[in-house]
Each structure stands twice: as structure tokens, then as C-alpha cells.
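For reference, the structure discussed in these notes is given below.
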Amino acid sequence: MYLELNNVSKSFPHEEHGAWEVFSDINLSIEEHNFVSILGPSGCGKSTLLAMIAGLESITSGEILLEDQPVAKPGPDRGMVFQQPALFPWLNVLENVKFPLKHLSKKDQVTTAKNYLQMVHLSRFTQSYPHELSGGMQQRVAIARALAMDPKVLLMDEPFGALDEQTRHILHDELLRIWSEDQKTILFVTHSISEAIKLSDRIIVMGTRPGRIIEDLSITLPRPRVRTDADVIAMEQHVMGLLEGEINKVLKEELQ
Amino acid sequence: MKILLKRILFLVAVIALWQGVYSAGVFPEIAFPPPVDVYYALVEGFGDGTLTKALLASFKHLLYGLPISIILGTSIGVLLAKSKQADETAGMYLIALQSIPSIAWVPLSLLLFGFNEMAVIFVVVIGGVFVMALNTRTALRNVPSSFKKAARTMGVNGLELFFKVEIPASIPHFMTGIRLAWAFSWRALMAGELLSNGPGLGYSLTYAFDFARVDVVMAIILIIGVIGSTVDHLVFSKLEKTVMKRWGLL
Ligand SMILES: Nc1ncnc2c1ncn2[C@@H]1O[C@H](COP(=O)(O)OP(=O)(O)O)[C@@H](O)[C@H]1O
Ligand SMILES: [Mg+2]
């Protein structure tokens, strides 16, 4: 298996209880070139799980293997895109995309960065600074930056969550196009059911308190998937049903 | 343009009021000169070079003192931001030290270094160092964690992370620190020179006072204010704004 999570648990230190367990015994196998979404209510541990795969968070117990190599710290084999583009404002677009490429020659850095900027349709903005770009454009630069490292997996944590609806749809299409060109393995965290269904080959549905996987869905519907399509609607209803109980659980706790 | 006009009109009004107070004889002539006397004091001072010389001496003190206070303050700030131990131990005292007006350091400085320019430079350094340290500490602490996380996923950590991400990300706050260090150092400079044996603008002020030249006293107060604000406006505020804009903070 390409990316494998074996009995992975995560606890954070907690003042009262000593430790606060976000989830335990997560088992997951992900195949190469797959577009997999992790879907779940907020607080179920999606970001934490992704950060553990990225190597940003420690693994409390269990193991994460990428091509049979255990993951311990961040590395260029895993690219990550966050909800905030996190571009460096003191660097222009080209320099931002070059940032992770220091292992290449100067010339190759520029060629590679330009290639990926072309892929996200930002060739005209190589010399612009992040503050001169719209939120959607910034996020495209962030995607180009992550892809430029040529990672084995692209980890995306609600990458379009801060964008307006219109821009989000445009970026969905772009991401699908890039994915079909680049053949990356993508792990995509979202709390939007329609986003997960529109994009993925497979949806891992997570529940909360305690965090766990409640369903593992394959989607074989042909792309592009339209929201009004009967099969898509049926799928949405199904996932909605799965999550309803989980969301109520969160609400109840928050209202207490 | 409209703003400039308003400001000029305001200045004219202030001078008119000043003239009015003088003409009404509210204060004795020896304590309160008319605007025109101050104007002539300025012309005379720059004409015979005494004010120019004093000004150059003051700038020399700053030229030594300000860079030292910036370098020293930055080092302290980095240490406090990066070492929890250091911050818990000494961080609190920094605010205490910052709250001491710089003129309070002058007697100590004179005792330590004697009546010479070293004493003045010491006061300038003390004047700027704490605010610089505080701002550097804030700058480094406020580096968005998203920058650090993103950099780490790109294989950058440790010293490389510090130099390639944390330092550049800190520059806006750091520039604020430099601007404030200038402002505090300038005030400290005047305090130091006031009690020194010269040369310097502050010393010229005491000198004019000793000879009851109230027109010169007023002229020097004007120069101090004009230079303080002009340098802030033309150099440090401008730099800070440029940086803020680029960093997307404006
Ligand atoms: N650094 C941390 N320290 C303590 N608790 C944390 C930390 N990060 C996340 N958590 C907790 O872990 C749980 C899952 O968080 P997160 O992974 O962000 O959820 P999601 O991304 O699904 O919304 C939440 O209850 C959150 O409060
Ligand atoms: Mg999250």
C-alpha cells in the first residue's frame, strides 16, 4: 500500500485529565494516484490527522508508512496546503514557489517554479507580491509551491475553506485538472459533503467524540459531477445521514 | 493639498497668537521673546555656524549611540524571544527599565564616564535599547505559526527556519522598534547633552539659558522638534510603511 496508517492514535496533554485523546486506532490504506477526502464535523481530528501525516504533529501511538518508510518528521515527499495560503509576503510569487527547491540548481529552480505556475495559470504574476493577489490566486500559488517539490502525496487541509463560493468552484475544477495532469496522490480534508463528493475517488467519513472512521466510501461516478445529478444527490443524502448524528453530538456538547 | 493648507494656516495662527501674547506683555520680555527674535536667533546661529556645529555634534552622538542601541536591543530581544528561561528570568525587568525616563540615567552616566561625549552616547544607548529589545521580542513572537508550519513542510527548520522565515517575517515589528528607538534615543540625547559639557544641541540650550538668551532657547526647542519629527516622517515612518505594505499589513 502506498500510504498506510496502522492503529494511529493521538492524545494531547490535558490539564484536568492528564491526556485528551482526539482519536485512537485509525487504520487507513491509500493507493497511489487516488484522490481521497477526509470528511467530518469540525473538531473530529481531521487537521490533526493530516498534520501527523505531514510530520508536523507527533504520533502518540501506531505508525504511518509512506512507501513502507515510517513518517516521523516533515519532508519534501509530503507537500501541504493549508486553509491559509501562508505565502511569504517578502518574496514574490516566483520566489515563493522556488522556496522549497533549494536542492536544485538556480536555473532548474526557475524552470520548475515557472512550470508549476503555468499549471495553475499564474504565469503572468511571477513578479507580483502575495498582497497584490486575490485569495484564490494566493491559494493557487500555495498549490504550485507544494507541487513544485514533487511530493509523493499532496495533503490539503480545507484549502478552499476561506474562499467565496464562486472562486471555490473554479479552484475545484483547476485542482481536478492538475490532479489528472500530475497524477498525484491527494489527501483532502474538508467538512463540506458536496466538495468531497465532487472531487474524490474515495471519502473517509470521520465521526467525533471519540474521533474515528465511521465509513469508507468509494465514488465511481464519472467526472465532472454535477450537484443536480440524481446519483450525486443520493450520495449526498447518504453521507448527510451518516454525519447528522455526529453533528448533533457536537451541538449538544457545545450547548451544555 | 487641502491638508497642507490647513496646517500652514494653523501655524500662522499659532505665530499670530504668540505675537499677541508677547504684545500684551503677559510674560516679562526676558522670559518670552517675540517670533521675530527667534527667527533672527536661527539666522544668526546658522549664519555663524554655532548651531550647525552643535547639530553636527548631536548627530555624531546619535551615529554612535543609535546603532549600538539597535544591535544590543535586537540581541536582547532575540534572546528573550528564543529562550523561555531567559524570558522568565529577565523579561519582566525589561519593562521596568523601559519605564525609567532617560534623564534619570544622566547623573549615573556622568559619574561613570565623566563629563565627556562617552557619557552622552551611553545615555543615547540606554534610551533606545529597551524599546528595541521589547519590539524585537514581540516581532519574533508574532511570527504567524502558519509560516513556520508551511516552511517545515518544505523541509526548512532550525537555524535555516530562523534566518529564512522568522527574521524576514519579523521585519515589520522590527521596523517599528527602530522607529521608536530613534524617537527615544533622540529624547535621551537631548537629556544627556543638557547636563553635559558639550558640544551638542542640548548643551547649546543650557548655554543659551545661562546667558539668558531666551530667543536662542526657543530657537533650539524649535530645531529639536523639527528634526525629531522630520527624521521620523521622512526616514523611519516611511520605511515602516513601505515594509508594512509589502508584508500585506496595511
Ligand atoms: N495543539 C493542540 N493542543 C490541544 N488540543 C488540540 C491541539 N490541536 C487540536 N486539538 C484538539 O484536537 C481536536 C481535533 O482538532 P482538529 O484536528 O483541529 O479538528 P478538525 O480539523 O477536524 O476540525 C479538537 O478537540 C482540538 O481542540
Ligand atoms: Mg481543521
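Here are a few things to note about the model shown:
- Per-residue mean of C-beta atoms belonging to partner chains within 10 Å, peptide A:72-83: 3
- Most mobile listed residue (B:A133, B:A188, B:A96) in chain B, GNM with C-alpha springs under 10 Å: B:A96
- Tail fraction, Cα-Cα pairs, the range A:46-139, threshold 14 Å, whole percent: 70
- Three principal axis extents of chain B based on alpha-carbon atoms, in descending order, are 73, 52, 30 Å.
- With Cα atoms as the point set, the radius of gyration and Dmax of the range B:109-241 evaluate to 20.2, 69 Å.
- Convex hull of the range B:18-90 built on C-alpha atoms - directionally averaged projected area, nm²: 9.0
- For A:K107, a cut-off of 19 angstrom between C-alpha atoms picks up these lysines, skipping any fewer than 8 places away in its own chain: A:K98.
- Karplus-derived 3J(HN,Hα) values for the range B:56-65, using 6.51 cos²θ - 1.76 cosθ + 1.60 with θ = phi - 60°, are 5, 4, 4, 5, 5, 4, 5, 4, 7, x Hz; glycine and proline are entered as x.
- When the pairs A:K152/B:K84; A:K114/A:K198; B:K60/B:K164; A:K114/B:K149 are compared against a 31 Å limit on Cα-Cα distance, A:K152/B:K84; B:K60/B:K164 fall above it.
- Chain A, helix-only ellipticity at 222 nm - DSSP H runs n ≥ 4, -39,500 (n - 2.57), divided by all residues, nearest 500: -11500 deg cm²/dmol
- Spherically averaged projected area in nm², based on the convex hull that wraps the Cα atoms of chain A: 14.9
- Packing rank of B:178-185, B:203-210, where each peptide gets the mean count of other beta carbons within 10 Å, highest leading: B:178-185, B:203-210
- Mean separation of Cα contacts under 8 Å, 6 or more apart, over the residue count of chain A: relative contact order %: 25
- Accessible area that becomes buried as B packs against A, both chains, 1.4 Å probe, Å², nearest 100: 1800
- Farthest toward positive dipole pole in the range B:39-246 [+1 Lys/Arg, -1 Asp/Glu at C-beta], among B:G158, B:S69, B:T176: B:G158
- Within 10 Å of the Cβ of each residue in A:87-98, the mean number of Cβ atoms contributed by other protein chains is 3.
- Between amide H atoms placed 1.01 Å from N, distances below 5 Å from A:I38 occur with A:F188, A:V189, A:T190, A:I204, all of them 5 or more places distant or on a separate chain.
- Prolate/oblate/rounded call for the range A:185-245, Cα gyration tensor, a/c under 1.5 rounded: oblate
- Contact residues in the range B:143-174 (at least 50 Å² less accessible area with all protein chains than alone, 1.4 Å probe): B:F147, B:R152, B:T153, B:M154, B:K164.
- Farthest towards the positive end of the charge dipole of chain B, among the residues B:V43, B:W247, B:A24, is the Cα of B:W247, using unit charges on the Cβ of Lys, Arg, Asp and Glu.
- Overall form of the range A:105-176: oblate. Here a/c, set by the Cα gyration tensor axes a ≥ b ≥ c, is 1.5 or more, and a/b is not larger than b/c.
- Sorting A:219-228, A:12-21, B:232-241, A:80-89 by their mean Cβ neighbour count within 10 Å, with the most densely packed peptide first, gives A:80-89, B:232-241, A:219-228, A:12-21.
- By the rule of a C-alpha distance below 15 Å, with chain neighbours fewer than 8 residues away ignored, the aspartates and glutamates paired with B:K148 are A:E57, B:E160, B:E166.
- Rg(Cα) / (2.2 N^0.38 Å) computed for the protein assembly as shown, rounded to two decimals: 1.36
- Taking the average, over residues, of other Cβ atoms within 10 Å as the packing measure, peptides B:63-71, B:28-36, A:117-125, A:186-194 rank A:186-194, B:63-71, A:117-125, B:28-36 from highest down.
- When only the Cβ of Lys, Arg, Asp and Glu is charged (+1, +1, -1, -1), the dipole of the range A:176-244 relative to its Cα centre reaches about 140 debye.
The values are calculated or read from the model by the stated rules, or taken from the named source; none is laboratory data. Source: prediction; values computed, not measured. Every residue, glycine among them, receives a Cβ derived from its backbone with ideal geometry; neighbour counts consider all protein chains shown. All accessible areas refer to the heavy atoms of the entire protein, side chains included, with ligands and DNA or RNA removed. Shrake-Rupley method; radii C 1.70, N 1.55, O 1.52, S 1.80 Å.
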